[in-house]
Amino acid sequence: MKRLLAGLLCAALLFCLCACGHEAVSAPTLLLRYADNQPKGYPTTEAAEYFARLLEERTGGRIRIRIYADAELGDEISVFRQLQFGGIDFTRVSVGTLAGFVPEMVILQLPYLFEDAEHMWRVLDGEIGEELLGTVADTGVTGLSWFDAGARNIYTRVPVRSLDDLEGLTIRVQESDFMSRMIRLWGASPVQMPYGEVYSALQTGRIDGAENNWPSYETTGHYEAAPYYLLDAHSRLPELQLVSRITLDKIRALDPDYEELLYSCAREAALYERALWQERERSSEALVRASGCIVTEPDEKELDRFRSAVQPLYGGFSDPLQQLIERIRQC
Ligand code: GCU
């Protein structure tokens, strides 16, 4: 009898231990998906991995994020739409794409808006940057942090060294009517298409050129198909890390403190990206130059022609947006 009792006690103890242990293992966790259209090893995807690591460590493994690089989950527009419905949890997106959903973001597309990188960071790291992050909220998606994407320049398959050389050429832009207007003001014809289609369009001659920053020009291999790079630095388009509102609610439900944690990890990841970006801009430029591409640096007079041609883009905004431009200029 004693033996039977001892046996029963052991079994009860064992059951208890297993049950408790099981509970610890099955503490709710979230497995989330993060989309980026850049390849692995690119500053933005490296920063996404860093963000995922920080969040996983700081939540004791309760939030896990898998990064899908190289547009594996779709182009930027379709990924953004999926964020709105909670089909994808996070993304990093160019403001050029976001401007199609958030009218205030169009202002950041204005060519020659920022004097240089320092000016842009003064704006984005300050009160204006916070306000602009907030404007994304109306879309059902929350802005987390700003990433660097340098300055964009024009590149072509045929020699282009001045504004006049652009006349009549077909230039790819992001899916943005505003950028199409810019290209028209320079006398060329715009073609809107997703990033992933540009390489073959350049190769087949469907377009004569496109515009992008050094690291994108290099990693996509566009420099091989369009070796004339004109440093007009027309726009300094930042990028954003975003989270779906539906995902944010799930994160809050897991632990209300995780929301603040999410923002701080996103800010740290952004600083990490900015450091990587500076290195990558230099190494991409060196690689492209060494490959024999023809890089033209227009003089001030020529740059003034580029700037004056796009002045009409600064008109026609509502009063609040016009004031926003003014505040950015004063910053
Ligand atoms: C940059 C940016 C991408 C964007 C691309 C484009 O490379 O990082 O997010 O899609 O420009 O021109 O479409």
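Every read-out reported here was derived from the displayed coordinates using simple, explicitly stated rules and does not represent laboratory data. Being a predicted model, the structure only gives us computed values, none of them experimental. All Cβ positions, even for glycine, are placed from backbone atoms using ideal geometry, and neighbour counts span all protein chains on display.
If the chain linking Arg58 and Asp138 were pulled fully straight, counting 0.36 nm for each residue of separation and taking away their Cα-Cα distance, it would gain 25.9 nm. Pairwise Cα separations in the chain fall into 20 Å bins from 0 onward with the following percentages, short to long: 29, 51, 13, 5, 2, 0. Beta-bridge orientation, the chain: approximately 55 percent antiparallel, per DSSP, counting only bridges with both partners inside. Each of Pro39, Val95, Ser318 was scored by the projection of its Cα onto the charge dipole of the chain, and the greatest displacement toward the positive side belongs to Pro39; charges sit on the C-beta of Lys, Arg, Asp and Glu. A simple spin-label model places pseudo-atoms 7 Å from Cα toward Cβ; at Glu326 and Ser200 they are separated by 4.9 nm. Which residue fluctuates the most in the chain, going by a Gaussian network model with Cα springs under 10 Å, if the choices are Gly316, Gly209, Gly143? Taking springs between Cα atoms under 10 Å, the residue moving most is Gly316.
The slack between Arg274 and Glu167, meaning 0.36 nm per residue of separation minus the straight C-alpha distance, is 35.0 nm.
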